[in-house]
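*Asks:* Below you'll find the structure I mean.
The values are calculated or read from the model by the stated rules, or taken from the named source; none is laboratory data. In this text the structure is predicted, and so the values were computed from the model without any measurement. Cβ placement follows ideal geometry from the backbone for every residue including glycine, while neighbour counts extend to all protein chains displayed. Protein only, heavy atoms only, side chains kept; ligands, DNA and RNA dropped before computing areas. Shrake-Rupley method; radii C 1.70, N 1.55, O 1.52, S 1.80 Å.
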Amino acid sequence: VTTSGDLLLRGGIVVPMTTRRHWLVADVLVVDGRVGAIGPRLSPPAGAEVVDVAGCLVLPGFVQTHVHVVQSLARFRADGLPLLRWLVERIWPYEAALSAEWAGVAARLGIAELLLGGTTLALDMGTVHHQERVFAAARDLKIRFVSGKCNMDDGEGVPPGLLESTGTSLAEAEGLARQWHGSADGRLRYAVSPRFILSCSPALLDGAARLARRRGLLLHTHASENSEETNRVRELTGMGSVAALSHHGLGGRDVVLAHCVHLGDDEVDLLAKEGTAVAHCPGSNLKLASGIADVPRLLARGIRVGLGADGPPCNNRLSIFHEMALAGTLHNLAHGADAVDPWAVLEMATWRGAEALGWGGEVGRLVPGARADVVVLGPHSLAMEPSGDPASVIVYGCGAEAVRHVMVDGDLVVRDGRLVTADVAEIRASARTAAAQIDSVLGWRP
Ligand SMILES: [Zn+2]
């Protein structure tokens, strides 16, 4: 639908994210879906489209390391609750009520919001059923997407519609991985996604780790998000979540743990030793009153950290800009006014996030040979004036409204602020219709 051929982004302020505090006015040539060259006054090959981006910032597409697009239709319907009540009273009943069609509508809304906000790669957790609709939406809207059905076979308050047997849960995950991992020209990948310790039996956690290793898949779960959850895990296992997960094989460079707010010293050591990645979700952690992950401490230990908005009903937006602004300011409370350099924040939102998701070297930096996942910001946003250090402009100044063009694999999926791969009016109308139907099924009055 969107094949645009070779393309030259002319005259932007290019921030390649190869080293901190480095940017240049240059053209970016995109050939066969990859960055061909970056430099001043490049000559476009015959037939290439030339897009004038003078005055705009040109960066690698943003990466989010933890989202739940399937939760999009519960947005504005689960406010004012802490994690476990938020799950049991609102999110699990919502997920249990989702039909295949509604799951697809929710995923399209979430993915459209991600792309329009400049996110070109995300690690997503689905619900127990209808994961094929999530992958179909990611394929059709053309985002780079690592996702998996949620596995859950145990736990208090889980509605029957979401409770699976261990064997069925793992077999379904493997079937989905076989069908979708590596599809859509390689843009879609499968992540084995047990929800969190409190909804997974030890056998499910062990099986998830074995399945991921056998098929070379990423492992994705939640850990130490909230103190009540962390206390229950300690009662159940005698360990913190990170230690308990590691005990079941969920530790290592192929593992992404969302949150990691309440960690023992031994667990920080374990994250550093095993190379496990952390998805820092400050917007969600603030809204659910979960706490503040000590990201400066994690970074100082060399622990891999990316950023994520988490689910639409716990944020309530999927904007990388909101997470960057929070990650760049929140830690000043504990560590002083220079706690996290804005360039360190931009790194988490680009190549560090990409590395955490197994896409390092392919996306996350603008260098010749990289896949052409690119975001162009400005120049219309007054919050970006009067210009300055690009990281400062982006982390402290920009919002999703600054996004002008977005490219995935060399195709413009957002052009002049408009989604090319789907009809936004249709996405909005379907979302409203489906949400009204779900509200009625659940007896909700938003
Ligand atoms: Zn989450």
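*Asks:* So Gly252 clears everything in (1) open to solvent by less than 20 Å² (accessible area, probe 1.4 Å); (2) within 16 Å of the ligand (Cβ to nearest atom); (3) free of Cβ contacts under 8 Å to residues at least 40 places away in the same chain; (4) not in a helix (DSSP H, G or I) except one condition, right? Which one?
*Replies:* (2)
*Asks:* Another question about this same structure. Among the residues of region 128-161, count how many are under 16 Å from Leu204 (Cβ atoms) and under 17 Å from the mean Cα position of the chain (by Cα).
*Replies:* 3
*Asks:* Take region 267-286 and flag every residue that is within 16 Å of the ligand (Cβ to nearest atom) and open to solvent by 10 Å² or more (accessible area, probe 1.4 Å).
*Replies:* Once the filter is applied, which keeps residues that are within 16 Å of the ligand (Cβ to nearest atom) and open to solvent by 10 Å² or more (accessible area, probe 1.4 Å), region 267-286 yields only Leu286.
*Asks:* Looking at (1) within 30 Å of Gly33 (Cβ to Cβ); (2) more than 15 Å from the chain's Cα centre (by Cα); (3) open to solvent by 10 Å² or more (accessible area, probe 1.4 Å); (4) of a type in the set (A, V, I, L, M), which is the only condition Ala103 fails?
*Replies:* Ala103 satisfies all of (1) within 30 Å of Gly33 (Cβ to Cβ); (2) more than 15 Å from the chain's Cα centre (by Cα); (3) open to solvent by 10 Å² or more (accessible area, probe 1.4 Å); (4) of a type in the set (A, V, I, L, M) except (3).
*Asks:* Given the criterion within 16 Å of the ligand (Cβ to nearest atom) and surrounded by fewer than 21 Cβ atoms within 10 Å (Cβ to Cβ), identify the matching residue among Leu176, Leu218, Leu198.
*Replies:* Leu198
*Asks:* Related question: Scanning for something farther than 18 Å from Leu84 by Cβ, within 16 Å of the ligand (Cβ to nearest atom) and part of a helix (DSSP H, G or I), does region 236-243 turn up at least one residue?
*Replies:* yes
*Asks:* Looking at this structure, is Leu257 surrounded by fewer than 24 Cβ atoms within 10 Å (Cβ to Cβ) and outside any loop (DSSP other than H, G, I, E, B)?
*Replies:* For Leu257, the condition - surrounded by fewer than 24 Cβ atoms within 10 Å (Cβ to Cβ) and outside any loop (DSSP other than H, G, I, E, B) - is not met.
Yes/no per residue for (1) modelled with pLDDT of 95 or more; (2) open to solvent by 10 Å² or more (accessible area, probe 1.4 Å); (3) in contact with a Gly (Cβ under 8 Å, 6 or more places away or on another chain); (4) assigned to a helix (DSSP H, G or I):
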residue	(1), (2), (3), (4)
Gln71	yes, no, yes, yes
Gly80	yes, yes, no, no
Glu89	yes, yes, no, yes
Pro93	yes, yes, no, yes
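*Asks:* Do the conditions hold for Arg41, that is, is it surrounded by fewer than 17 Cβ atoms within 10 Å (Cβ to Cβ), within 16 Å of the ligand (Cβ to nearest atom) and free of Cβ contacts under 8 Å to residues at least 24 places away in the same chain?
*Replies:* Spelling it out, it is not the case that Arg41 is surrounded by fewer than 17 Cβ atoms within 10 Å (Cβ to Cβ), within 16 Å of the ligand (Cβ to nearest atom) and free of Cβ contacts under 8 Å to residues at least 24 places away in the same chain.
*Asks:* Further question: Pairs only if they're at least six apart or on different chains, beta carbon under 6 angstrom, first in region 132-157 and touching a residue at least 40 places away in the same chain (Cβ under 8 Å), second among the acidic types (Asp, Glu); list them, first residue then second.
*Replies:* Within 6 Å, the pairs are Ser147/Asp124; Asp153/Glu164.
*Asks:* Within region 388-396, is even one residue touching a Phe, Trp or Tyr at 6+ places or on another chain (Cβ under 9 Å) and of a type in the set (Phe, Trp, Tyr)?
*Replies:* no
*Asks:* So which of Leu57, Leu24 is closer than 26 Å to Cys398 by Cα, within 23 Å of the chain's Cα centre (by Cα), away from the ligand (no atom under 16 Å from the Cβ) and open to solvent by 10 Å² or more (accessible area, probe 1.4 Å)?
*Replies:* Result of the check over Leu57, Leu24: Leu57.
*Asks:* Another question, then. Would you call Arg352 among the basic types (Lys, Arg) and either more than 16 Å from the ligand (Cβ to nearest atom) or under 17 Å from His222 (Cβ atoms) (or both)?
*Replies:* yes
*Asks:* Between His322, His262, which is open to solvent by 10 Å² or more (accessible area, probe 1.4 Å), of a type outside the set (Asp, Glu) and in a loop (DSSP other than H, G, I, E, B)?
*Replies:* His262
*Asks:* Let me ask you something else. Pairs, please: C-beta under 9 Å, at least 6 apart or cross-chain, first residue assigned to a strand (DSSP E or B) and in region 212-226, second away from the ligand (no atom under 15 Å from the Cβ) and acidic (Asp, Glu)?
*Replies:* Matching pairs, first to second residue: Leu218/Asp254; Leu219/Asp254; Ala223/Glu267.
*Asks:* Given (1) crowded, with 24+ Cβ neighbours inside 10 Å; (2) over 21 Å from Ser224 (Cα atoms), where does Glu113 come up short, assuming only one miss?
*Replies:* (1)
*Asks:* Follow-up question, since we're still on this one. Just one of the numbered conditions (1) at pLDDT below 95; (2) touching a helix residue (DSSP H, G or I) at 6+ places or on another chain (Cβ under 6 Å) is not true of Gly47; which one?
*Replies:* Answer for Gly47: the failing condition is (2).
*Asks:* If you don't mind, another one. Go through (1) more than 16 Å from the ligand (Cβ to nearest atom); (2) surrounded by fewer than 18 Cβ atoms within 10 Å (Cβ to Cβ); (3) hydrophobic (A, V, I, L, M, F, W, C); (4) not in a helix (DSSP H, G or I) and name the single condition Ala289 misses.
*Replies:* Result: Ala289 fails condition (1) only.
*Asks:* Within region 330-343, track down each residue that is in contact (Cβ under 8 Å) with a residue 40 or more places away in the chain and either among the polar types (S, T, N, Q) or not in a loop (DSSP other than H, G, I, E, B) (or both).
*Replies:* Listed by number, the residues that qualify are Leu333, Ala334, Pro342, Trp343.
*Asks:* Tell me yes or no: at least one residue of region 303-316 is open to solvent by 40 Å² or more (accessible area, probe 1.4 Å) and away from the ligand (no atom under 13 Å from the Cβ).
*Replies:* no
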